[in-house]
Amino acid sequence: MVDLKVSNKEAYYQQTLENTPSKTPFAEFWRKFKKQKLAFVSFFFVVFLILMAFIGPFITPYDITEPDYENVLSGPSAKHWAGTDAYGRDIFSRVLAGTQISLYVGLTSVLLGAIGGTFLGIVAGYYGKRIDSLIMRMCDVLLAFPGILLAIGIIAILGPGLGNVIIAVAIFSVPMFARIVRSSTLAVKSTLYIEATKSIGTRPKRIIWKHIFPGTVSSIIVYFTMRIGSAILTAASLSFLGLGAQPPSPEWGAMLSGGRDYLNIAPHVTIFPGIAIFVTVLAFNLLGDGLRDALDPKIKE
Amino acid sequence: MKKTVGWLSALAMVLVLMLAGCSDSGKEGSTAEKGGDGKKAVKEGKDLTIAVADNFTTLDPHDTNDTLSNSAEKTMMEGLLGFDEKMNVVPLLAEEYEASDDATEFTFKLREGVKFHDGTPFNAEAVKVNFDRLADPDSGLKRHSLFALIQSTEVLSDYEVKFTLSEPFGAMINTFAHPAALIHSPKALEEYGKDVGKHPVGTGPFKFVEWKPSEGLKIEKNPDYWKKGYPKVDAITFKPVSENGSRIAMLQTGEADFIYPVPTEQVEGVNGKNGVEVDSEPSIVVRYMAMNTMKEPYNDVKVRQALNYAINKDAFLKVVMNGQGEKLDSVIAPDVQFYSQQELYEFDLEKAKELLKEAGVKEGLKAKLWGGNSSSTVKAMEFLQQQLAAVGITVEVVPMESGTLSDKIWSVQNPEDAELELYYGGWSPSTGDADWGIRPLVGGKEAFPPNSYNVSYYDNEEVNKLISAGLQTADENARADAYEKAQKLIWDDAPWVFLSADNTLAGKKNYLKGVYLLPDGSLSVSEAEIE
Amino acid sequence: MEEKVLQVRNLQTHFTSDSGTVKAVDGVSFEVGKGETLGIVGESGSGKSVTSLSIMRLLKDTPGKIAGGEILYEGTDLTTLSEREMRKIRGNDIAMIFQEPMTSLNPVYKIGRQLEESIILHMKASKKAARERSVQMLKAVGISRPEKIVHEFPHQLSGGMRQRVMIAMAMACNPKVLIADEPTTALDVTIQAQILELMKSLTTTTDTAILLITHDLGVVAEMCDRVVVMYGGRAVEESDVVSIFTNPKHPYTQGLLESIPKIGERVDRLQSIPGNVPIPSHMPMGCKFAPRCPHAMDICWEKEPSFDKVTTNHSVRCWLHEEVPQDESDLVGSSER
Amino acid sequence: MLRFLGKRLLQVIPILILVSIFIFLFVHMIPGDPARLVAGEDATIEDVELVRKELGLDKPITEQYVTYMKNLFRGDFGTSLKTNRSVSYEIGERFMPTFWLTVWSMLWAVAAGLLIGVISATKRNKWQDYLGMFGAVSGLSLPSFWLGLMLIQLFAVTLGWLPSGGMDSWKSYILPAFTLGTGVAAVVARFTRSSLMDVLKEDYIRTGRSKGLNERRITWGHGLRNAMIPVVTMTGLQFGFLLGGSVVIESVFSWPGLGKLLIDSVAYRDYPVIQGEMLIFALEFILINLVVDLLYGILNPQIRYE
C-alpha cells in the first residue's frame, strides 16, 4: 500500500496514474504464469526439449542406426548410460535423437488438428444453424468412434509411416478443437461490438479474422499445449501396436514396443523410452495447465 | 519453487525404485544362465494348463487352417496317420497302408476295437463319411482343397478302406497324416452338421469338456483310450494369452504348466529359473527374404546371389533369432521330407559388392522391404536393412498390418504390375512334405499371386517339371531324386535370401514330460505326464 | 447504560496480495444494542461488506485477515475464538442475510432441508421438530402454503420469496444479532418495502439487533436507529438517524444525501459525488476523501483527521469539525452551501 | 418423464442406422480381403474362392449391405467370418469381461479422483493441492501400455503377488483395473477440482458457512453435490469409452474382452464382428448418455424432462 503524499487533486490523480504499473496483457500473463511453479519449471523443460529436438541428433554419443552385434542388450553402464538395444545401439543416443521425432509428431499433428478444428469451429459458430449442426454432428461421430479402429483404418488406407501417423493423430484432435473454438466463437460473437461491425456491413471473412479469431486464440493456445501431450501418447500407442514409425527411426513408442519382448532380461530397453515419453508428456500437460490458469480470465486471485 | 523441486525428486525416487525392482529380475536372469537353480518345481494334481498365443478358431479339423487349432483338435481326434516328433509319418488309426506306384490308389487297414467318445465304433464307414465330407466341393470346408483330388472312397471291408485319386499325387500320404484329416465321429457329424466345430467328438486321448473364448478350452481324460496306460493326466486347460510377456509370466508364476511359443528373446531369461525349462527343437519353419525376380535389378541372378552373400546369417541368428534356429541351407528345412542340403552362401561382403558391380548395380540402390508388423518381423526387417546398408543398398522397411499386407500381395492380377520388391516372410509346410514346401512358394506361374504364395515370381521351367515329377509317383526314391534336383536349382537361382530355419520353442515346468512341439509347430500332449 | 450486544472496536481487516497489503477496514468502531438497528452506509469499496464478513469471520476464502481490534459479542471477543467455537455462534447467535437471494440458496436442495440444517445443528432438534420449526418460520415470514414450499427447490420460487426464505433461515434459531448485507438491493422496489417491513416486525418481537449494510439512504431512513457512514475503510460519521439526515457533518455524507432524489423537488440534474472511490492500494496520505471533497484544504492532504465527537451522539472524521490551529469559522460556513 | 425416455429411445434408431452405414462403408474401405485372411496364408486360390463364396463375399457390396441390414432388423448380427460363430455369441462372450473390468476401473478411479479432487480444491495452493494435481497430471501423462508392462514386471514377475494376465480370480482384476483406471482417476480429479473450486465461490456456500455448518459439511454436502453435475457427464463419457474395451490394455493383460476382439477382427477383416461391435458401442454410448442425462436430473433439480 502506498500512501500518496500529494497536496491537491491534480497531483493525486497524476500520482495514482504513475503508481499504477502499466500492465500489458503479456506482462499480466507472465506475472500470473510465474506463479504456477510447476508450469514454470515445465516451461523451461519444454524449451530444453525443443532445443534437444534441434541439436539432439548432433550431440548423440553414438550413431543411432549403426548396429554393434557384439554388444547387444547390455545394461546401463558408464559407456552406455541407458544401455544398448537388441542391435547393440546406444539407447541414450536413440532417446536423445527421438526427441525430435516425438516433438515433431506431437506438434505437427496438433497443429494440423488445430487448423482443421479451428476452421470448422469458427465456421460452425459464426454461421450457426444447419452448418453448425452438420459440423458438430460430424465431430460427435468422430469423437465416439474408437480411436484405434480409426487409426488402423487410416493407416491401412494411407499406408504406414510417420506422416500418416501424424494425419491419424491430427484427425483425433479436430473435433475437440472444433468444439472449443465453436464455443468461444459463440461467446465472442454475442458481444455487442461484433453486432455493431456486422451492421456496418463488414464482410464475414473480415469479421472472422479481425474479431472472432483473436478472441478464440487464448483457448486455442491452452488446448494446443495440453493436446500435444496426448498426441505424443497416441502416436506412441500406435507405434506400440506396430502401426507407427518405420524402422530404424528412434521413435519412443517404437523403441518401447521393440523392447517389451526383452522386458525380463533387459528392462532398460523399455524403461528409458517410457520415461522419456512420460516426462515429455508430463511437461506439456503441466505447461498447459499453467497456461490455462494464467490465460483464463475466469480464474482470479 | 522449492516445493516443485521436492515433487520432482519424489517422482524420480519412485522411478528409480521401479527400475531397481525391474533390474533385480534382470540380474536373477543372468545367474540362472550360468547354472540355473536346478530345483524341481512341484505340481499338485494332474490338471494341466497350457497357455497358447491365440484363440482357437474352430475345433473342426476339416475347416481349420491354423496350426494352433489343429493342436487342440489333435488332443481329441486322430487321423489314419500322424507325425512323430521328427515329422515322420506314423500309423495311428490305420495299422498299415499301401499306395499304388502311380500314386492314385491308397489302401488303409484300420485299427480294430477303437471307439469314439460318444461310443460309436470306429470303422471303414466312419472313415468314408469323413473323407466324403472333405472331398465334397460344396462343403465349404477350408481344407477341401487338400482332398479335392479324392475321386472315391470305397469301403472294402469293416476295417479296410480304399481311396482313389483323380490324378497322381505323390505327397498324398503326408496329406493323410495332416491334421486336416482327423476323423470325426460320424454320429457327431450327423447330429451337429456345421456346428461340429463346437462339439468335437473323436477317438483321441482327451474328451471335449468346454470351450469359451474367454476361458479357453477344457478337455478331460478319455478313460477308454485305445492306447493302454494313456493319457497320464486328468485334464488340460488351454488358455489364449496373446501377450508374450504375460505368457512367460504365467509360466514363471505357475499359472501355466506349458506355454508356447516362447519368444526367442525370452529363452535366456527364463530357462532354468523357477523350475522352468525351455525346449528348443528344430522346426520346419523357414525364414527368407523373397526378391521379385521379375523386377529390376532382382531379375539378375547375380544381384540375388549378391544379396545372399551380403547378409550375415550368423548375426541374423544371434540378433534376430537369439540363437534359436539354424542357418537355412535349402528352400526347405531339414525335417521336411526329401530335404537335401545345399552349399551355404557364406557371408562375404567383398563378393557381394563384386557381384553387384558385375550386375551394374550402383551404390545407393533403393529398395522397399515389405513384411508384417509384429515386433519380431519388424526386428528381422530392421536387421536386413542394417546388413544391406553395408553393400550400399538403402532399404526402406515397410511393416504392414496383416490385412493391408495380404491385400498388397494378393490384389495383384498381372505379375508385371507387382509393386513388391523385397518381402520378408516365413513358411511352414503343414504336410511336412517337400511338395508343400516348394510348390506354393517357387512353383512357377501356377503359384504367382493371387493363386499362391510365389511372391518372388520365380518361374523356372526345369524346376516346374521336377515339381510335377515329384507328384506323379508314390515311389519314394523317384520323388527324392526329383526334389533333390529341384532344390539345387532353386538354391543356385536364389529367388530368396535364405535366412534361417526356426526352432520351435516351448516353455514348461520341469515336472512335465511328454508334451512337445512337432517341427510343424503343432503340439502333442497325448503322452503328457507329471513327475 | 444499556448493554450492547455487539461492540466493534477499532477493527482492522487487511487484504494481502502480491502488490502489498490493503487496509480494507481501518479502525472502525461501533456498537449495537438489543433490538437496535444500526445502518452501515457507504459506496461499494468502502469496506462495509468486509466489516460484516469480519464480524462473521467469513473471510476464509478471501485473502483477507482480521489484523487488529476487537469484536465483542456479549462480552466475548469473536476474534479470539477458535473456528469450532465460532461455528456455534454463526447462524445461532449471529445470523446473516445476503444481497443475492437468487444465488444464496443451494439450488440442489429443497427449501425445507436448507432451513432444517441449521435448526438441527444449533437447536439440537429432531428432524421432525426441525420440520415443524421450518414451517412455522416460513409462515412467520409470510409465505402461504409453507408445508408445500418446504418440498420445493429454490428455482421454483420468486426472488422475493427466496429472500423471505433467507430471512426465515436466518431467524430460525432466534439470533441476537442479524446482519443484513444489502438485503433488498436485488429486489423489486415494491417487494423491498415488504421485506424491510418483515425484518423490522420479526426483530421487534425477538428483540434482535440488526446490522443493516446498505448504500441506500432511503432504507436507512426507514429502518435504522443509528447510522455509521463508511468511506475508504474508515468510519467517517456516526450518529442517530435523525441527525444524519438533518444535520450531516461530513462532506461525504452530505454528498450522499444530495444524491438521493427528493420527492416533490424538481431536480434538473441528479447530484452525485464527483470522482471515484480511491483504489485501495493508492490511498491519499491525508483524508481519504480529500480528492473528491469540495472543501479540501491543505491539511486534508497532509494529515488524516481523527474520529471525534461533535455532540454526545454524533461523531465525524473531518478537519472541518476538528479543533485546528486555523481559522475554522469560514470553513464551517462553506460546508453549508 | 416416460415420454422423455420414449422419445430418447426412439432417437436411437436413426442414429444406429447412420452408424451402421458409416461403419459398413468405412470397414469395406480398408484394404484387405477377408476371404484371403480367413483362408490362411497357405491357402490356394481355390480355397480362397471357396471361402469367399461360403462367406457370401462374392456378392456385390450393396447386396451385402441389404442382407446385413435385413438380418439386423431381425436381431441377427450375422456370423463371424473367422470363427463361424454368431456375432452375438462372440460379443456376448467378451462383453462381461470388459464390463466388469470397466466397472472396477471406474469404481476405484472415480473414488480416488473425487477424493483427490476435493482435497485439492479445498486445500487450494497448499501442498496437498500441488501433490494431488501433480499426481493427476502424472496419471494423464503415463503411457498406459508402459505402466501395464511395468506393473506386470514388478507385481507379477518380480514379486509374484498378482497374476500377470488372464481372468481367473479377483486378483486378476487388480493390475488391469489399476492401469485402466489411472487415466480416468486423473481426469476425474482435475475435473472435480476445478468444478468444486468454482462451486465453492458460490453465494450459497457462504450462506452455508453463515449458518455455522462445518467445512466438511460445506464441501461434501453443499459443494460436491453441485460440483458433481459436470463431473457426472465426464465420468459417463469415460465409462462409455472404457466399455468399448481398451485395445492396448486388453492386449497387455491378455484380457478376453471387446478391445481384443476388435483388434483381432480388424486383423482378419471380420466385417460382421467389427460392425456388430461398433453398433454395440454406439448403443452403449447412447444409453450411457441417457443415463447421464437422467442422473443430471437427479443431481440438478432445475432440469425437468419434457
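For the peptide A:288-295, the mean number of other protein chain Cβ atoms found within 10 angstrom of a residue's Cβ is 1. Between D:A267 and C:L257, the modelled label-to-label distance comes to 9.2 nm, taking each label 7 Å out from Cα in the direction of the beta carbon. Across chain D, the mean sequence separation of Cα contacts (distance under 8 Å, 6 or more residues apart), normalised by length, yields a relative contact order of 27 percent.
For the range C:1-94, the equivalent ellipsoid built from the Cα gyration tensor has semi-axes of 22, 16, 11 Å, listed from largest to smallest.
Would you please give the FRET efficiency between B:Q151 and B:E95, computed as 1/(1 + (r/R0)^6) with r the Cβ-Cβ distance and R0 = 25 Å, to the nearest 0.05? Step by step, r from the Cβ atoms, then E = 0.55.
In degrees from 0 to 90, rounded to the nearest 10, what is the angle of the helix A:268-295 Cα long axis to the longest principal axis of chain A? The helix A:268-295 is inclined about 0 degrees to chain A. Considering only C-alpha atoms, what is the centroid distance from the range B:488-514 to the range D:43-58, in Å? Taking the Cα centre of each part, the range B:488-514 and the range D:43-58 sit 30 Å apart. In this structure the amide hydrogen of B:K115, modeled in the peptide plane, comes within under 5 Å of the amide hydrogens of B:F122, none closer than 5 places in sequence on its chain. Taken along the Cα-to-beta-carbon direction at a fixed 7 Å, the label points for C:E132 and D:E215 span 3.7 nm.
For the range D:173-233, applying the loop criterion from DSSP together with a ceiling of 14 other beta carbons within 10 Å to the trypsin sites (Lys or Arg not before Pro) yields D:K201.
Given in Å, the Rg to one decimal and the Dmax to the nearest whole number for the Cα atoms of the range D:54-121 are 20.5, 61.
Filter chain D for me: DSSP H helices, axial length by Cα at least 27 angstrom, mean Kyte-Doolittle hydropathy not below 0.5. List them by residue number.
Details: long enough: D:2-29 (41 Å, 1.87); D:87-122 (49 Å, 1.09); D:170-199 (39 Å, 0.73); D:271-299 (41 Å, 1.67).
Going by DSSP H runs, the hits are D:2-29, D:87-122, D:170-199, D:271-299.
Here the protein assembly as shown is assigned +1 on the Cβ of each Lys and Arg and -1 on the Cβ of each Asp and Glu. Its dipole about the Cα centre then comes out at about 7280 debye.
Screening chain C for whole DSSP H helices with an alpha carbon extent of at least 24 angstrom along the helix axis and a mean Kyte-Doolittle hydropathy of at least -0.5 yields C:189-206. For the protein assembly as shown, with equal point scatterers placed on the C-alpha atoms only and solvent neglected, what are the log10 I(q)/I(0) values from the Debye formula at q = 0.04, 0.07, 0.08 1/Å, to two decimals? Log10 of I(q)/I(0), two decimals: -0.37, -0.88, -1.05. In sequence order, the range B:152-159 has phi-based couplings of 8, 10, 10, 8, 7, 7, 4, 10 Hz under the Karplus curve 6.51 cos²θ - 1.76 cosθ + 1.60, θ = phi - 60°, and Gly or Pro positions carry x.
Tell me the relative contact order for chain B as a rounded percent, counting alpha carbon contacts under 8 Å between residues six or more apart.
Values: 1153 pairs, mean separation 108.6, N = 531.
Answer for chain B is 20 percent.
Projecting each Cα onto the charge dipole of chain D (Lys/Arg +1, Asp/Glu -1 at the beta carbon, about the Cα centre), which of D:L5, D:L131, D:A267 comes out farthest on the positive side? Positive-end residue among those listed: D:L131.
Take B:256-264, A:62-70 and order them by the average number of nearby Cβ atoms within 10 Å per residue, most first; the result is B:256-264, A:62-70.
Note on chain C: Kirkwood radius taken over Cα pairs, Stokes-Einstein applied at 25 °C and 0.890 mPa s, translational D equal to 116 µm² s⁻¹.
Residue by residue through B:263-269, how many Cβ atoms from other chains fall within 10 Å of the Cβ on average?
Numbers: counts 3, 1, 12, 5, 1, 5, 6.
Mean partner-chain Cβ count within 10 Å for B:263-269: 5.
For the peptide B:392-403, the mean number of other protein chain Cβ atoms found within 10 angstrom of a residue's Cβ is 6. To the nearest 10 degrees, how steeply does helix A:129-144 sit against the main Cα axis of chain A, on a 0 to 90 scale? In chain A, helix A:129-144 runs at an angle near 30 degrees to the longest axis.
Could you sort the peptides C:179-185, B:472-478, B:372-378 by per-residue average Cβ neighbour count (10 Å cutoff), highest mean leading? Spell out each step's value before the answer.
On the way: C:179-185: 24.1, B:472-478: 15.6, B:372-378: 19.6.
Final packing ranking: C:179-185, B:372-378, B:472-478.
Cross-link pairs exceeding 25 Å between alpha carbons, from the set B:K313/B:K366; B:K318/B:K357; C:K4/C:K88: B:K318/B:K357.
Nearest 10 degrees, 0 to 90: what angle lies between the long axis of helix A:25-35 and the longest principal axis of chain A (Cα atoms)? The answer is roughly 50 degrees.
Please report the base-10 log of the normalised intensity I(q)/I(0) for the range B:282-503, using a Debye sum with one equal scatterer per alpha carbon and no solvent, at each q in 0.14 (1/Å). Taking Cα atoms of the range B:282-503 as identical point scatterers yields -0.83.
Coordinate-derived values only; no laboratory data. Given the structure is predicted, the values throughout are model-derived calculations rather than measurements. Neighbour counts run over all protein chains shown; Cβ positions are idealised from the backbone, glycine included.
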